[in-house]
Amino acid sequence: MASTLTSILLHITFSTKGRADLIAPEHERDLHDYLGGICRRMASPILAIGGTSNHLHALISLSKTVALSDLMMEVKRDTSKIMKHKVPLFQWQDGYFAFSIGQSGVEQLRAYIAHQKEHHRATDFKDEMRALCRKYEVEIQEEHAWD
């Protein structure tokens, strides 16, 4: 019997609408756990997750049967619902950033995600995304990247 084997590793990041500081430390764990549950349900486990009060980074192993756009629609829709119970004005930005990585980059990315709070003492979200786009050789269109 033939089988299909894949390894589709993605570095995904997205922010709250307007980078508003809406993810309080006391809500972080619940948000991360809930997001992890959505990804597991869609056979796309999270390998690392972290962020700040206004954005998230996740390392996800995308299922061979799930489109990234479908995963992100589910993640953002369902996490918005749970977060609105805690923060009524909660919203995610409309888009997201997603970059493919190889297995050799996993440990470095895990460390990067784990140290987001320290990283953002010196770098804001927009500068971080500009740097990631340069690193992954993705042309950023500033007029559409920030909402």
Whichever residue in the stretch 63-85 is in a helix (DSSP H, G or I) and in contact (Cβ under 8 Å) with a residue 60 or more places away in the chain and, among such residues, is nearest to Ala20 (Cα to Cα): Met83
Among Glu137, Glu107, the single one that is at positive phi and loosely packed, with under 11 Cβ neighbours inside 10 Å is Glu137
Only one residue in Glu142, Glu118 is free of Cβ contacts under 8 Å to residues at least 24 places away in the same chain and touching a helix residue (DSSP H, G or I) at 6+ places or on another chain (Cβ under 9 Å). Which one? Glu142
Residues satisfying the stated conditions in the stretch 98-114, i.e. under 20 Å from Pro25 (Cα atoms) and without any contact (Cβ under 8 Å) to a residue 24 or more places away in the chain: Ala111
Only one of (1) in a strand (DSSP E or B); (2) out of contact with any Pro (no Cβ under 9 Å at 6 or more places or on another chain) is not met by Ile60, so which one is it? (2)
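Restricted to the stretch 1-45, and to residues that are small (Gly, Ala, Ser) and assigned to a helix (DSSP H, G or I), which residue is farthest from Asp70 (Cα to Cα)?
If we filter the stretch 1-45 for residues that are small (Gly, Ala, Ser), which is where we start, we get 2-3, 7, 15, 18, 20, 24, 36-37, 43-44.
Then keep just the ones that are assigned to a helix (DSSP H, G or I); that gives 18, 36-37.
On the way: Gly18: 23, Gly36: 15, Gly37: 15 Å.
Checked the stretch 1-45; the qualifying residue farthest from Asp70 (Cα to Cα) is Gly18.
Out of Phe125, Phe99, Phe90, report the one residue that is touching a helix residue (DSSP H, G or I) at 6+ places or on another chain (Cβ under 7 Å), at pLDDT below 95 and among the hydrophobic types (A, V, I, L, M, F, W, C). Walk me through how you get there before you give the answer.
Numbers: Phe99 fails: at pLDDT below 95; Phe90 fails: at pLDDT below 95.
Every option except Phe125 fails the conditions.
Can you tell me how many residues in the stretch 47-57 are in contact with a helix residue (DSSP H, G or I) (Cβ under 6 Å, 6 or more places away or on another chain) and either in a loop (DSSP other than H, G, I, E, B) or over 16 Å from Phe97 (Cβ atoms) (or both)?
Quick first cut of the stretch 47-57, residues in contact with a helix residue (DSSP H, G or I) (Cβ under 6 Å, 6 or more places away or on another chain) only: 48-52, 54-55, 57.
Of the ones still in play, those that are also either in a loop (DSSP other than H, G, I, E, B) or over 16 Å from Phe97 (Cβ atoms) (or both) are 52, 54.
Of the residues in that region, 2 qualify.
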Across the stretch 89-138, what is the total count of residues that are acidic (Asp, Glu) and closer than 16 Å to Ala58 by Cα? 2
Return the only residue of Val75, Val66 being among the β-branched types (Val, Ile, Thr), in contact with a Ser or Thr (Cβ under 9 Å, 6 or more places away or on another chain) and within 21 Å of Ala43 (Cβ to Cβ). Val66
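The values are calculated or read from the model by the stated rules, or taken from the named source; none is laboratory data. All values derive from a computational prediction rather than experimental measurement. No Cβ is skipped: glycine too gets one built from the backbone with ideal geometry, and neighbour counts run over all protein chains shown.
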